[in-house]
1. Which one of these is open to solvent by less than 40 Å² (accessible area, probe 1.4 Å) and either among the aliphatic types (A, V, I, L, M) or not in a helix (DSSP H, G or I) (or both): Leu261, Leu234, Leu243, Leu266?
2. For Glu103, only one of the following conditions fails: (1) modelled with pLDDT of 75 or more; (2) surrounded by 11 or more Cβ atoms within 10 Å (Cβ to Cβ); (3) in a loop (DSSP other than H, G, I, E, B). What is its number?
3. If you go through region 14-32 one residue at a time, how many are buried (at least 16 other Cβ atoms within 10 Å of the Cβ), under 9 Å from the mean Cα position of the chain (by Cα) and of a type in the set (Asp, Glu)?
4. Pull out all pairs, ordered by first then second residue, where Cβ-Cβ is under 6 Å, the residues are six or more apart or on different chains, the first lies in region 172-197 and is of a type in the set (S, T, N, Q), and the second is open to solvent by 70 Å² or more (accessible area, probe 1.4 Å).
5. Is at least one residue of region 76-87 open to solvent by 80 Å² or more (accessible area, probe 1.4 Å) and either modelled with pLDDT of 75 or more or polar (S, T, N, Q) (or both)?
6. All but one of (1) modelled with pLDDT under 70; (2) buried (at least 16 other Cβ atoms within 10 Å of the Cβ); (3) under 18 Å from the mean Cα position of the chain (by Cα); (4) of a type outside the set (Lys, Arg) hold for Ala37; state the number of the condition that does not hold.
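The values are calculated or read from the model by the stated rules, or taken from the named source; none is laboratory data. All figures in this text were calculated on a predicted structure; none of them were measured in a lab. Here the Cβ positions follow ideal geometry from the backbone for every residue, glycine too, while neighbour counts run over all protein chains shown. Heavy atoms of the whole protein, side chains included, go into the accessibility calculation; ligands, DNA and RNA do not. Shrake-Rupley method; radii C 1.70, N 1.55, O 1.52, S 1.80 Å.
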Amino acid sequence: MLGFEVPMPSPFPGMDPWLEHPQLWPDVHGRFIVTAAELLQQQLAPKYFAQIEERRYVANSLDTAAQMIVADVRVRESDVAGFQPPTGSGSAGATATIEPGIELDIEWTREVRENYIQVRDLQQNRVITVIEFLSPANKAAGSSSRDSYLCKREETIAGECNFVEIDLLRTGEPLYRVGVQLDYLAAVTRHRPGKKPRRLGWPIGLRKRLPSIPVPLKPEDGQAVLDLQSLLDLVYDRARYDLRCDYKENPYPRLDGVHDLWAHGLLTERRLR
């Protein structure tokens, strides 16, 4: 029988940069979406509901985010030097040696699927708010994923819906320039009938607790609240990321000098290094 082990919380006060690793992030991203929908549903009933939806786009091997979409789509060189054909092939007594091949790129096209959350009006089944957790491909300049994301954002806002964006990745091209130093960002674009939409941003520093942000509903119903820190803590605990994050190694991407010293001290204090 497996023994019971108490989960350990993340050692960081806010976002845990070790969760950004490319091998871990797809799992983290998926759990953020599912858990956020669950947390919001507790506030939305009985007039609204949270639904997980899927956006699709087509990417190919020339895409700037191709390596994020397919880890390895190339044929690797095989060491075939000295390969001998089966007995009986070719003329009697003849031997042949196949020369080593060279690596060739394979051109490919693939349909990519990305999940997000819709908050819908229960009575009319109308989309009121869209919530997105950004992926690395969304932040790759010139990628099909970024183009698809930006197009969806503009369509959503033009369709008189609210739009919530949560960027917990230090890599890639930021979606907004806010004029201050930041590591992460949350942004909320609120539809206002008869007025220009209003967009607010929450710059997030690595050393700070993740904020609680509004999730706008219809004007007469105000807003729900998404506590990003509680969301992260719950996901970290449920998924047992304490077992999967190797804090003795550097995160990816690496922290800069000041943050690296801070993180080293924090991890050493908690005996994780």
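1. Exactly one of Leu261, Leu234, Leu243, Leu266 is open to solvent by less than 40 Å² (accessible area, probe 1.4 Å) and either among the aliphatic types (A, V, I, L, M) or not in a helix (DSSP H, G or I) (or both), namely Leu266.
2. Failing condition for Glu103: (2).
3. The total comes to 1.
4. Thr189/Arg199
5. So the first thing to find is which residues in region 76-87 are open to solvent by 80 Å² or more (accessible area, probe 1.4 Å), and the list is 76-77, 79, 83-84, 86-87.
Remaining after also requiring either modelled with pLDDT of 75 or more or polar (S, T, N, Q) (or both): 84, 87.
Checked against the condition, which is being open to solvent by 80 Å² or more (accessible area, probe 1.4 Å) and either modelled with pLDDT of 75 or more or polar (S, T, N, Q) (or both), region 76-87 yields at least one hit.
6. Exception for Ala37: condition (1).
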